[in-house]
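A short worksheet on the structure shown next.
The values are calculated or read from the model by the stated rules, or taken from the named source; none is laboratory data. Just so you know, these numbers come straight off a predicted model, no measurement behind them. Cβ sites come from the backbone with ideal geometry, for glycine too, and all protein chains shown count toward neighbours. Accessible surface areas use protein heavy atoms only, side chains included; no ligands, DNA or RNA. Shrake-Rupley method; radii C 1.70, N 1.55, O 1.52, S 1.80 Å.
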Amino acid sequence: MERPAYPIADRRPWLWLVTGALIGLFTYGAWLVPPLVWVAPIFTMRFMRAQPVLRGFALALPVTAAMLAVLLRGVVPIPGVGFAIFVVVGAAMGLVPYLLDRVLAPRLPAFAATLVFPLAMVALELLNAQGEWGTWGATAYTQAGILPLAQLASVAGLWGVVFLISWPASLVNWAWEQGWRWERVRAGALLYAGLLALSLGFGYARLATATTQATVRVAGIPSDPPSLVSRDETHGELIGRVIAGAADPADRDAARALFEAGNARLLERSADEAGAGARIVFWAEGNGTVLKDDEAALVERGRALAREQGIYLGMALAVLTPGAERPLENKIVLVTPAGEIGFEYLKAFPVPGGEAAGSVLGEARLPTLDTPYGRIGAVICFDMDHHAYIRQAAAQGVDILFAPANTWPEVAETHAAMARVRAIENGVSLLRPASNGVSIAADPYGRTLARSDSWQTEGGALVASLPARAVPTIYGRIGDAPAYAAVAALALLAAWAIARGLQRRAVARRQSSPA
């Protein structure tokens, strides 16, 4: 099939770059419009294909960085120059799939060339997921609200969704370069349409055939100030002095009284939810704030409450050791109805920056406990962003996963959506009580059973009847195998492109040599 010369002749390349960037403002965060995630790459790719390789990258970089600076304002907790460096590096990495497309596409057969970009997107996001920020920014999360499509994560994880989202960019550019002539692109267009229909059909069928299971009433208790996550600035200053070991005895007593008031209220609310029928009650991340010296006494009160009410009580604690190099133990103490400690868990993946620097790190091993309501497990907030770690839930046969969290407004919706995708991947029910954010309860298909927003309704418990049995998933068994297959396919395409390039050069040399 006839291929255009690269760079492509185009009279309006800057229009396409700006259009891609403007649409890109609606592909993440508070302004997210999910269908536009499929559209924005079309125009950025058109611009890159209309430029020499390095020039295209150099021109696209500042525009893309500016878009990210707007998109990630308030989302990434990095101040000043550090934020500027973050968005420039992020923009450069985000342009790598476009660079690979620009370099390899001209050297491959037309339809095969359309696979470079989606495979490169999968490879890039797999690479990003290995870093300290985990899967933050993964394209698949933008489609979490489209449940039939999101079911693909139960088979191929994030990677199947990102491939499906990314392929149209190169397919549309292929059609564009062929002058929109249907007879030239029909086979490729029908192949993609079939793949999309198959994926959506699978999702609709999976949701339609979901069976009713035994359920258990659970309750999540978001923050009820005063606590470590209190929004009161005066409290924050006091707690800061205590953590730093700079508090005088009066300040220490004041902080202890503040913590005690919050903890007493948590225990009271837990008893209320147990009385209303909840069999498992979990606090939001760090809600039970306590000095290390007082931890044992607080846990003992939780044990007494669990025995009295006959419940499993997940005490999400922020245990403070003033003046220590790492003063924070961000942990869960799960108490059984017998008043025994079912397990203790320290957050394995604190948020990079201040939390990571000040936290005692836990072992990256998901704790579990068998109960009459299935096998339950628990992690904390940012742990959920590390998909490979959470796959332990599927490997260990967890039925219900508890993930207490503490967020901030700019990431509240995104983080809740990410947690729902983890539920789909691993086929588990999920309770995620969140301080300063969106609390959700979801079934193994990612369907929201209950939801509350602490910024709109403060103090209310999140109550739901969760399915008490997991739904086995293909992804739970094979993990990231589809992503590594995509990386291998990309490598084969690159090798093929190089071989074809060398072959063309050899032919050109022979033709130019004197007979």
query = Across the stretch 395-425, what is the number of residues that are over 21 Å from L317 (Cα atoms), open to solvent by 10 Å² or more (accessible area, probe 1.4 Å) and in contact with a Ser or Thr (Cβ under 6 Å, 6 or more places away or on another chain)?
reply = 1
inquiry  = Being in contact (Cβ under 8 Å) with a residue 40 or more places away in the chain, more than 13 Å from D101 (Cβ to Cβ) and not in a helix (DSSP H, G or I) is the filter here; which residues of the stretch 43-76 pass it?
reply    = P52, L72, R73, G74, V75
Scan of the stretch 269-293 for residues that are open to solvent by 10 Å² or more (accessible area, probe 1.4 Å) and in contact with a Pro (Cβ under 9 Å, 6 or more places away or on another chain), ordered by number = R279, E285, K292
note = Counted residues in the stretch 352-371 being surrounded by fewer than 19 Cβ atoms within 10 Å (Cβ to Cβ) and under 17 Å from L430 (Cα atoms) come to 2
message = If I ask for residues that are at pLDDT below 70, β-branched (V, I, T) and part of a helix (DSSP H, G or I), which ones from the stretch 218-250 would you list?
response = T234
inquiry  = Scan the stretch 112-135 and tell me whether some residue there is in contact with a Gly (Cβ under 6 Å, 6 or more places away or on another chain), assigned to a helix (DSSP H, G or I) and within 22 Å of W159 (Cβ to Cβ).
reply    = no
query = For the stretch 302-351, what are the residues that are among the polar types (S, T, N, Q) and either open to solvent by less than 40 Å² (accessible area, probe 1.4 Å) or within 19 Å of S270 (Cβ to Cβ) (or both)?
reply = Q309, N330, T336
task = Scan the strands (runs of 3 or more DSSP E) fully inside the stretch 281-396 and keep the ones with 2 or more residues being closer than 22 Å to A464 by Cα.
result = 312-320, 328-335, 368-371, 374-378
Qualifying residues in the stretch 492-515 (those that are charged (D, E, K, R) and under 17 Å from V103 (Cβ atoms)) - the one most open to solvent (accessible area, probe 1.4 Å) = R505
query = Out of all the residues in the stretch 474-491, is one or more outside any helix (DSSP H, G or I), surrounded by 15 or more Cβ atoms within 10 Å (Cβ to Cβ), of a type outside the set (D, E, K, R) and touching a helix residue (DSSP H, G or I) at 6+ places or on another chain (Cβ under 6 Å)?
reply = no
task = Those residues that are of a type in the set (V, I, T), open to solvent by 10 Å² or more (accessible area, probe 1.4 Å) and either in contact with a helix residue (DSSP H, G or I) (Cβ under 9 Å, 6 or more places away or on another chain) or part of a strand (DSSP E or B) (or both), I need them from the stretch 438-468; list them, please.
result = T448, V463
message = Tally up the residues in the stretch 130-174 that are more than 21 Å from L32 (Cα to Cα) and open to solvent by 10 Å² or more (accessible area, probe 1.4 Å), please.
response = 8
